[in-house]
Amino acid sequence: MHSFIYFCYTSKEYISILKPMKRIRIVDILKNPEIGKEINVKGWVRAFRSNRFIQLTDGSTINTLQAVVDFEQFDEALLKKITTAAALSLTGTLIESQGAGQAVELQVATIEILGEANPDDVQKTVMQPKKHSLEFLREQAHLRFRTNTFGAVFRIRHAVAYAIHKFFNDKGFFYLHTPIITGSDAEGAGEMFRVSTLDAKNPPLTEDGEVDFSKEFFGKQVNLTVSGQLEAELAALALGQVYTFGPTFRAENSNTSRHLAEFWMVEPEVAFNDLNDNMDLTEEFLKYICNYIMDNCADDLKFLDDRDNTEQQSKPQNERNELRLTERLQFVANNPFKRITYTEAIDLLLNSAHYKKKKFKFDVAWGTDLQSEHERFLVEKEFKCPVIITDYPASFKAFYMRQNEDGKTVAAMDVLFPGIGEIVGGSQREERLDILLEKCKVFNIHEEELWWYLETRKFGTVPHAGFGLGFERMVMFVTGMSNIRDVIPFPRTPQNAEF
Ligand code: 4AD
Ligand code: MG
């Protein structure tokens with residue numbers, strides 16, 4: 001009450017006593033500080049020093065607002081409630097800061113405690129102001145948004161998503177929503193999560209004792225989508241250029257720092273494009289995202305750049321990144337990607353000193369897939385830049401990829417990034433119905449299941465191409481986070497679907 005009266009007497013804008021003052025976000029206050037203005041801010045306490053200086057954050061920026069309290073003006077009981085993580089509403093005057101470290105500060109006139117935070121409880125959480133391991137932060141994914149690192153990561157994640165939509169919108173692409181529940185296995189890898197409404201303990205049976213899937217909700221077996229590509233192709237063959245951007249599910253049991261069971265994928269698909277056009281589009285797209293983040297997320301990027309630099313220092317010399325995070329983004333934005341065929345990549349590996357000294361764990365041979373150690377060698381040791389590998393053997397790529405003249409390889413492309421590995425996978429699609437039908441046979445795909453996809457090849461079929469960007473892998477690259485679980489709010493991985 002004491003503080004309220006104080007405010008009433010000192011405020012020039014006394015009209016605001018009748019009408020609550022409009023809250024201003026900290027990002028806006030700091031961007032355009034109006035010295036002498038009476039303002040209201042709401043946020044959470046990061047720190048309260050000497051019963052005088054509150055560092056307030058509201059999530060709008062990595063920067064905090066310093067609020068200065070004249071403790072003689074307030075009840076001790078009230079001041080005691082200003083603890084780390086408590087939520088406050090403050091009004092006061094914006095003044096030039098008396099101290100170093102910030103340009104402006106808030107001279108507090110009124111304090112309202114919106115939500116208290118018990119210091120004993122805070123001690124047990126990631127909100128305790130000290131360095132925590134990323135593993136500990138993952139266990140508290142519900143609270144880790146409150147930390148500087150995750151605030152920065154998730155603001156940047158948003159910016160990457162926005163940049164993606166902006167890039168495609170500006171180029172005249174249409175955003176297509178493809179289904180999440182589907183009957184098809186687009187990638188043919190069989191790594192699908194089944195969606196079922198049948199009673200698992202007591203399923204309906206057919207006469208011969210098999211589970212009767214015709215009794216399923218959809219009258220057949222369905223699963224969560226592994227890719228929106230097949231549906232995107234249908235739309236691209238009418239709308240010209242489309243992209244999907246949605247959740248994607250893969251039940252692959254890979255507990256690595258680059259795999260999620262639920263991740264987001266961006267899949268553009270363009271009629272009349274061939275593999276070269278596809279590579280050009282990918283390269284322009286990935287460069288655009290890097291530039292967008294450098295231009296629009298400077299404060300968060302600076303914080304993550306320092307964080308990454310500290311991490312690098314704690315690694316052994318030979319595992320350190322030669323470039324800082326921002327330099328890596330600049331590098332990708334400003335240098336052409338190296339483009340080589342799979343066959344050239346195999347030759348290169350076979351002729352490398354690394355191979356001759358038997359330093360690879362897995363064998364290198366034409367016709368076997370590249371392992372991540374081979375990809376890393378090409379990107380990080382041989383070329384030291386993003387690499388696009390094209391024209392892989394048909395045998396380990398999907399059925400829909402366009403067969404090359406040699407009859408052995410397909411018009412596939414993988415984009416490999418330093419520190420990440422495969423970030424994009426794509427191809428020119430097989431537009432010739434006869435060859436596609438042959439491929440279905442080879443891959444044991446029943447025509448009846450894909451009749452709708454095959455049918456587009458009958459009505460004005462044209463060359464077309466597209467690719468899929470692993471959204472989280474891109475967010476890893478631009479934030480410098482080394483585990484994919486730390487760039488998605490609530491990671492789903494084998495044995496883990498908490499929150
Ligand atoms: O290479 P993939 O499997 O390609 C497709 O799904 C095609 N249908 C794309 C297309 O041509 N439209 O996946 C594309 C990208 C990978 O390069 C990788 O970045 C990411 O998706 N990805 C994963 N990201 C996180 N966790 C996983 N389990 C992933 N699997 C693939
Ligand atoms: Mg792939």
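In region 420-436, the residues that are under 20 Å from ARG376 (Cβ atoms) reach residues that are away from ligand 1 (no atom under 14 Å from the Cβ) with C-beta atoms within less than 7 angstrom, at least six apart or across chains, in these pairs: GLY421/ARG376. I'd like the full set of residues that are farther than 18 Å from ALA232 by Cα and within 15 Å of ligand 2 (Cβ to nearest atom), limited to region 414-434. Answer for region 414-434, where residues must be farther than 18 Å from ALA232 by Cα and within 15 Å of ligand 2 (Cβ to nearest atom): ASP414, VAL415, LEU416, PHE417, ILE420, GLY421, GLU422, ILE423.
Residues in region 223-242 that are open to solvent by 10 Å² or more (accessible area, probe 1.4 Å) and under 26 Å from ASP274 (Cβ atoms): GLU231, LEU234, ALA235, LEU237, ALA238, LEU239, GLY240, GLN241. Just one residue in the set SER60, SER3 is open to solvent by less than 60 Å² (accessible area, probe 1.4 Å) and modelled with pLDDT under 95; that residue is SER3.
The one condition from (1) more than 9 Å from ligand 1 (Cβ to nearest atom); (2) at pLDDT 95 or above that ASP414 does not meet is (1). The set of residues from region 461-496 being without any contact (Cβ under 8 Å) to a residue 12 or more places away in the chain and either within 16 Å of PHE150 (Cβ to Cβ) or open to solvent by 60 Å² or more (accessible area, probe 1.4 Å) (or both) comprises just one member, GLN495. Selection of helices (runs of 4 or more DSSP H) fully inside region 418-499 by the criterion of at least 1 residues being of a type in the set (Ser, Thr, Tyr) returns 451-455, 471-479. You will find that of GLY43, GLY36, the residue that is in contact (Cβ under 8 Å) with a residue 24 or more places away in the chain and either part of a loop (DSSP other than H, G, I, E, B) or open to solvent by 50 Å² or more (accessible area, probe 1.4 Å) (or both) is GLY36 and no other. Comparison of HIS158, HIS132, HIS142 shows that the only residue that is open to solvent by 20 Å² or more (accessible area, probe 1.4 Å) and touching a residue at least 60 places away in the same chain (Cβ under 8 Å) is HIS142.
The values are calculated or read from the model by the stated rules, or taken from the named source; none is laboratory data. Given the structure is predicted, the values throughout are model-derived calculations rather than measurements. Reconstructed Cβ throughout: ideal geometry from the backbone, glycine too, with neighbour counts over all protein chains shown. Areas reflect the complete protein model, heavy atoms only, side chains present, ligands, DNA and RNA absent. Shrake-Rupley method; radii C 1.70, N 1.55, O 1.52, S 1.80 Å.
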